[in-house]
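The values are calculated or read from the model by the stated rules, or taken from the named source; none is laboratory data. Note that the coordinates shown come from a computational prediction; the quantities given were computed from them, not determined experimentally. Every residue, glycine among them, receives a Cβ derived from its backbone with ideal geometry; neighbour counts consider all protein chains shown. For accessibility, only protein heavy atoms count, side chains too; no ligands or nucleic acids. Shrake-Rupley method; radii C 1.70, N 1.55, O 1.52, S 1.80 Å.
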Amino acid sequence: MPTLSSDKEELFQNVLTRAAEQFSKAFKINELKTEVTNRLTMLEKRVELEGMKVMEIEKCRNDIKKLREEIASRNNSNFLDDNKKLSPCRAIPSYPKYHLSKETMEALRLPTFDAWQWEPNEMLSCLEHMYHDLGLVRDFNINPITLKRWLLCIQDNYRNNPYHNFRHCFCVTQMMYSMICLCSLQEKFTQMDILALMTAAVCHDLDHPGFNNMYQINARTEMALRYNDISPLENHHCAVAFQIFSRPDCNIFFNFDPEAFKQIRQETITLILATDMARHSEILKTFKQKVDNFDYTNKEHVACLKMVLIKCCDISNEVRPMEVAEPWVDCLLEEYFMQSDREKAEGLPVAPFMDREKVTKSTAQTGFIKFVLLPMFETVMKLFPQIEEVMVQPLRESRDRYEELKQIDDAMKEVQKKKSENLTMDGEK
């Protein structure tokens, strides 16, 4: 029979054995940590000594960016990965500072501006100029380098879609800048309002996947599930925008106090959500009820006007000269046809206006101008008569041109139909 002292000795031995095992494990972990640290140090030195040239790095980054977009498209994943693209892919300042001529600065203030003539780096400089020219950099103490970083990050987070891309972002923002200047909005709005309008225009289609809300909902994508089928795209654009703002080096609101940041965040979100065309009738109806007795001291009136203004800018291509506007129709139809082809392949409902077998450029634009664009712009014209000549009249001319094209298309279809009927009758004889 073992004694009490031998039991204690055995227990003590077991404790020592366990302690020795734990020390051994800890030592191995420390050894592993040391080995990993050493390897990382060696890798860092190799990168430093054998690093690729700047152009090769840029090429690799572009290739990675394209690969990510391709993978996201194939997997039908519409969300921005935590580490994806949120950092500007280039050093700052990374695009050359273009000295805009007086003629260019004046042209930027007009709806006739032709964005097709400008490269992405030049568009970045133009956007930068707008923020300076409107006094936003000065009035909100925005760090000019942070503005550059933010704009670069914005560009990197627009996908290379046929239509919903960075050039579209630029056009919408330039049209907003144009309306601010033409309608003297800085005399009627606060600078916070102006900042919200410009920033919402810049961010309004961030990371657009090229497939609209109806597709997201019908395909039950992750985006639609996350936002409960309620404006999934627009909610996503807002989320990406504020993911970018969450980075101190890209946060143009860095110097805002908490209350001011809360205000600009809420206003920006409200404006981006207003761009969902599913809400078009609701927003325009509300604005029509206010426009005849519009009161700039009434917050609800001003908020409604701002929503209508960003809607106008978002779909304003037909306001521009024909040679500027028409290529955008081709881009939009290309994106529509890509979606309808996928919908057919996946057995999903297809909207007639997106079906390549049913829609033509003339039919698409005639209805859109007559029933969407003109009613909205003519309502805005009640507040700002000065837009009639430079915005509303070009829309009327565009409507007339597309109606003529539609008549020609209809006549040609009728001729083809009669030929087909005659051939059928001859065959029966």
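Residue count for region 112-135 satisfying the condition of being more than 28 Å from N255 (Cα to Cα) and either open to solvent by 60 Å² or more (accessible area, probe 1.4 Å) or in a loop (DSSP other than H, G, I, E, B) (or both): 7. Any idea which residue in region 316-351 is nearest to R399 (Cα to Cα), counting only those that are of a type in the set (G, A, S) and assigned to a loop (DSSP other than H, G, I, E, B)? Going through the qualifying residues, I end up with S316. Restricting attention to region 152-168, the residues being open to solvent by less than 10 Å² (accessible area, probe 1.4 Å) and either in contact with a Leu (Cβ under 8 Å, 6 or more places away or on another chain) or basic (K, R) (or both) number 5.
For (1) of a type in the set (A, V, I, L, M, F, W, C); (2) at pLDDT below 95, each residue gets a yes or a no:
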{"residue": "E69", "(1), (2)": "no, yes"}
{"residue": "A72", "(1), (2)": "yes, yes"}
{"residue": "D82", "(1), (2)": "no, yes"}
{"residue": "E103", "(1), (2)": "no, no"}
{"residue": "M130", "(1), (2)": "yes, no"}
{"residue": "R149", "(1), (2)": "no, no"}
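Looking only at region 136-152, residues that are assigned to a helix (DSSP H, G or I) and among the aromatic types (F, W, Y) come to 1 in all.
Taking region 186-196 as the search range and keeping residues that are touching a residue at least 40 places away in the same chain (Cβ under 8 Å) and in a helix (DSSP H, G or I), which one is most open to solvent (accessible area, probe 1.4 Å)? Restricting to residues being touching a residue at least 40 places away in the same chain (Cβ under 8 Å) and in a helix (DSSP H, G or I), the top hit is Q186. A single member of R109, R149, R138 is basic (K, R), under 19 Å from the mean Cα position of the chain (by Cα) and either open to solvent by 10 Å² or more (accessible area, probe 1.4 Å) or at positive phi (or both), and it is R149.
Looking at region 396-405, can you tell me whether even one residue there is under 13 Å from V329 (Cβ atoms), touching a helix residue (DSSP H, G or I) at 6+ places or on another chain (Cβ under 8 Å) and in a loop (DSSP other than H, G, I, E, B)? No - not one qualifying residue is present in region 396-405.
Using the structure shown, decide if L374 is open to solvent by less than 60 Å² (accessible area, probe 1.4 Å), part of a helix (DSSP H, G or I), on the phi < 0 side of the Ramachandran plot and of a type in the set (A, V, I, L, M). For L374, the condition - open to solvent by less than 60 Å² (accessible area, probe 1.4 Å), part of a helix (DSSP H, G or I), on the phi < 0 side of the Ramachandran plot and of a type in the set (A, V, I, L, M) - is met. Remark: Q155 falls outside the filter, which requires a residue to be assigned to a helix (DSSP H, G or I) and touching a residue at least 40 places away in the same chain (Cβ under 8 Å). For region 370-391, a residue qualifies if it is touching a residue at least 60 places away in the same chain (Cβ under 8 Å) and more than 11 Å from C312 (Cβ to Cβ), and the qualifying residues are P375, K382, L383, Q386, V390. All of A364, A351 fail the test of being of a type in the set (G, A, S) and either farther than 25 Å from F166 by Cβ or open to solvent by 60 Å² or more (accessible area, probe 1.4 Å) (or both), apart from A351. Contact annotation: residue pairs with Cβ atoms under 6 Å, 6 or more positions apart or on different chains, pairing a residue in region 249-272 that is touching a residue at least 24 places away in the same chain (Cβ under 8 Å) with a partner that is of a type in the set (S, T, N, Q) and open to solvent by 50 Å² or more (accessible area, probe 1.4 Å), are N255/N141.
Go through region 277-315 and report how many residues are under 25 Å from the mean Cα position of the chain (by Cα) and in a loop (DSSP other than H, G, I, E, B). Going through region 277-315 one residue at a time, the tally reaches 1.
Residue-wise test of (1) within 18 Å of D205 (Cβ to Cβ); (2) polar (S, T, N, Q).
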| site | (1), (2) |
| --- | --- |
| S231 | yes, yes |
| I244 | yes, no |
| D257 | no, no |
| Q263 | no, yes |
| T268 | yes, yes |
| A278 | yes, no |
| I283 | yes, no |
| T286 | no, yes |
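Of all residues in region 200-216, those satisfying the criterion of being more than 14 Å from D314 (Cβ to Cβ) and either of a type in the set (G, A, S) or within 13 Å of the chain's Cα centre (by Cα) (or both) are D207, P209, G210, F211. In region 322-348, the qualifying residues are those that are over 21 Å from the mean Cα position of the chain (by Cα), open to solvent by 50 Å² or more (accessible area, probe 1.4 Å) and among the aliphatic types (A, V, I, L, M), and the one that is farthest from D409 (Cα to Cα) is A345.
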